[in-house]
Amino acid sequence: MEKVQSPQKKPTCEQKLRFSFAVDVLAIIFRAAKDTNVITNKHKTEVYKNISDLFRTPQSEIVSVNSLTKKSYLPEDRAK
């Protein structure tokens, strides 16, 4: 018989880890970690989903998976 896992609660905004930099910088850091196998999850989308659930920035309490994905490939000039 398969074990059914109960869904885990997402952390509240107050419980999320706070970074002092913007989403585009966060996206580049985690993309580099994934590309160099520091993070070994199979799919980048899975990584960005976890980042979205666990982190926040000064500009955004909610970091979207779509934003992380887009900004990891097309960083803003200030993040380069």
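Among the listed residues GLU14, GLU2, GLU76, which satisfies the condition of being at pLDDT below 85, open to solvent by less than 90 Å² (accessible area, probe 1.4 Å), of a type in the set (Asp, Glu) and over 9 Å from the mean Cα position of the chain (by Cα)? Give the derivation first.
On the way: GLU14 fails: open to solvent by less than 90 Å² (accessible area, probe 1.4 Å); GLU2 fails: open to solvent by less than 90 Å² (accessible area, probe 1.4 Å).
Exactly one residue qualifies, and that residue is GLU76.
Kindly list the number of the only condition in (1) open to solvent by 60 Å² or more (accessible area, probe 1.4 Å); (2) touching a Phe, Trp or Tyr at 6+ places or on another chain (Cβ under 6 Å) that fails for ILE51.
Every listed condition holds for ILE51 apart from (1).
Between a first residue in the range 53-67 that is assigned to a helix (DSSP H, G or I) and a second residue that is open to solvent by less than 40 Å² (accessible area, probe 1.4 Å) and of a type in the set (Phe, Trp, Tyr), which pairs have beta carbons less than 7 Å apart while being 6 or more apart in sequence or on different chains?
Here the result reads VAL65/TYR48, each pair linking the range 53-67 to a residue that is open to solvent by less than 40 Å² (accessible area, probe 1.4 Å) and of a type in the set (Phe, Trp, Tyr).
The values are calculated or read from the model by the stated rules, or taken from the named source; none is laboratory data. As the structure is a prediction and not an experimental result, all values here were calculated from the model. Glycine also receives a Cβ, built like all others from the backbone with ideal geometry; neighbour counts cover every protein chain displayed. Only protein heavy atoms, including side chains, enter the accessible area calculation; ligands, DNA and RNA are left aside. Shrake-Rupley method; radii C 1.70, N 1.55, O 1.52, S 1.80 Å.
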